[in-house]
Amino acid sequence: MSLPLLDTQTLETLRGFGSSDFLERMIELFLESSVRTIEEARAAAEDGNLARSAFAAHAMRSSAATLGLPRLTDAAKEMEQFQWTDNGTLIQRLEILETTYKATVVELISFRDAYRDGSRPA
């Protein structure tokens, strides 16, 4: 069974720490910083730099785990641990991370927008 893109329970917990504004700001910070992280992961993978790619993947993993994005957390973990495994190429790991990231961003924006509109996400 595939992990969900969003863990709504974690997102609701974060919302409980402050307000919808707090959660929205957390989501915005993730969306802003994660673009740079994905770009860094791509550059490192294209250079074959395992250390830099692991660092970028670790940053993504940490942010995704904090926000409750299990599938992205898992994809970042796989890329981060690539240097200790022999499961495919670094570029393949990057492609999985990027695909998962794109799907997660779509769901996360939808979740955020539901709160902006005053409705509770499903």
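List the residue ranges in the chain for DSSP H helices whose C-alpha atoms run 30 angstrom or more along the long axis and whose Kyte-Doolittle average is -0.5 or above.
Helices meeting the criterion: 20-47, 90-116.
Work out how much length ASP47 to LYS102 would gain on full extension: take 0.36 nm times their residue separation and subtract the Cα-Cα distance, in nm to one decimal.
Fully extending the segment from ASP47 to LYS102 adds 17.6 nm.
Please check which bits of segment 19-41 a label hung off ARG116 would reach, taking the label as a point 7 Å along Cα-to-C-beta and the cut-off as backbone N under 18 Å.
From segment 19-41, the list is 19-35.
Could you line up GLU80, GLU24, GLU32 from fewest to most neighbouring Cβ atoms inside 10 Å?
Placing the least packed residue first, the sequence is GLU32, GLU24, GLU80.
Where does the chain land on Rg(C-alpha)/(2.2 N^0.38 Å)?
1.09
Got a sec? How would VAL105, VAL35 order by Cβ neighbour count within 10 Å, fewest to most?
Result, fewest neighbours first: VAL35, VAL105.
When the dipole is taken about the Cα centre of segment 8-116, and only Lys, Arg (+1) and Asp, Glu (-1) are charged at their Cβ, what size is it in debye, to the nearest 20?
Around 180 debye, computed over segment 8-116.
Bear in mind that the values in this text are calculations on the coordinates, not laboratory data. The structure displayed is predicted, hence computed values, not measured ones. When we count neighbours, we look across all protein chains shown, and the Cβ atoms used for this are built from the backbone with ideal geometry, even at glycine.
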